[in-house]
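The values are calculated or read from the model by the stated rules, or taken from the named source; none is laboratory data. Since the structure is predicted, the reported quantities are computational estimates derived from the model, not experimental observations. FYI the Cβ positions are ideal-geometry reconstructions off the backbone, even for glycines, and counts take in every protein chain you see. For the accessible areas, the whole protein counts, side chains as well, though only heavy atoms, and no ligand, DNA or RNA atoms are used. Shrake-Rupley method; radii C 1.70, N 1.55, O 1.52, S 1.80 Å.
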Amino acid sequence: MDVLAIVLRIVHIASGVLWVGGAALFFFYIEPSINKLGPAAEPFVTEMIERRKAPRYFLAVSTLAVVAGVTLYVVRWLPVATTLPGLTFGIGGLTAIVAWIGGNLLIPRALEEFGTIGGQMKSAGGPPSAELMGRMHAVQKRLRTYGLLDLILLLFAVAAMAAARFMG
């Protein structure tokens with residue numbers, strides 16, 4: 001029994017489930033709700049980012065998934081990386097790494113910018129200016145795009161890894 005492979009696999013799958021599930025929750029429910037609420041979402045965004053540390057959660061679970069996955073790949077699949085299962089695990093892993101980089105750099109920055117603009121709108125004390133509304137809409141569009149790309153990459157990675165073991 002390969003205890004290291006078992007532990008790595010448990011860490012990889014559990015943290016991957018938390019990462020992908022959180023990304024889906026964010027894309028399908030949280031981000032549309034934030035956009036619908038507009039400036040009124042500023043307290044929620046502040047709570048989620050500054051107090052609840054959502055970006056740290058995603059950084060932690062995604063990093064655990066990637067580190068455990070890369071280690072598992074090196075230990076178990078690198079020797080047979082040119083086989084169909086090895087290539088499929090590798091492609092799935094690279095896709096997840098791209099999602100990891102984008103999700104931990106782009107989404108938190110856009111959320112912070114959303115919160116900042118929401119705070120500016122709130123402190124203006126009246127209807128937001130056209131300039132602030134334009135900036136808000138641009139950030140909302142970026143968040144939607146980043147979330148969609150992140151989720152597509154993650155779902156592709158999950159599909160590749162789920163299928164890899166049964167190839168060849």
Subject >> Complete set of residues in the range 111-135 that are surrounded by 21 or more Cβ atoms within 10 Å (Cβ to Cβ) and touching a Leu at 6+ places or on another chain (Cβ under 8 Å) >> reply: L111, F114, I117, M121
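Going by what's in this entry, would L64 be described as under 22 Å from I6 (Cα atoms), aliphatic (A, V, I, L, M) and part of a helix (DSSP H, G or I)?
Numbers: under 22 Å from I6 (Cα atoms): yes; aliphatic (A, V, I, L, M): yes; part of a helix (DSSP H, G or I): yes.
Judged against the criteria, L64 is a match.
Yes/no matrix, rows are residues, columns are (1) modelled with pLDDT under 95; (2) surrounded by fewer than 18 Cβ atoms within 10 Å (Cβ to Cβ); (3) touching a Leu at 6+ places or on another chain (Cβ under 9 Å):
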residue: V3; (1), (2), (3): yes, yes, no
residue: I13; (1), (2), (3): no, yes, no
residue: W19; (1), (2), (3): no, no, yes
residue: P32; (1), (2), (3): yes, yes, no
residue: K36; (1), (2), (3): yes, yes, no
residue: F44; (1), (2), (3): yes, yes, yes
residue: E47; (1), (2), (3): yes, yes, no
**OP:** Kindly indicate the residue of the range 121-168 that is in contact with a Pro (Cβ under 8 Å, 6 or more places away or on another chain) and part of a helix (DSSP H, G or I) and also modelled with the lowest pLDDT among those meeting that condition.
**Re:** K122
**OP:** Pairs only if they're at least six apart or on different chains, beta carbon under 6 angstrom, first in the range 52-67 and under 18 Å from G93 (Cβ atoms) and among the small types (G, A, S), second at pLDDT 95 or above and open to solvent by less than 50 Å² (accessible area, probe 1.4 Å); list them, first residue then second.
**Re:** S62/W19; A65/H12; A65/S15; A65/G16; A65/W19
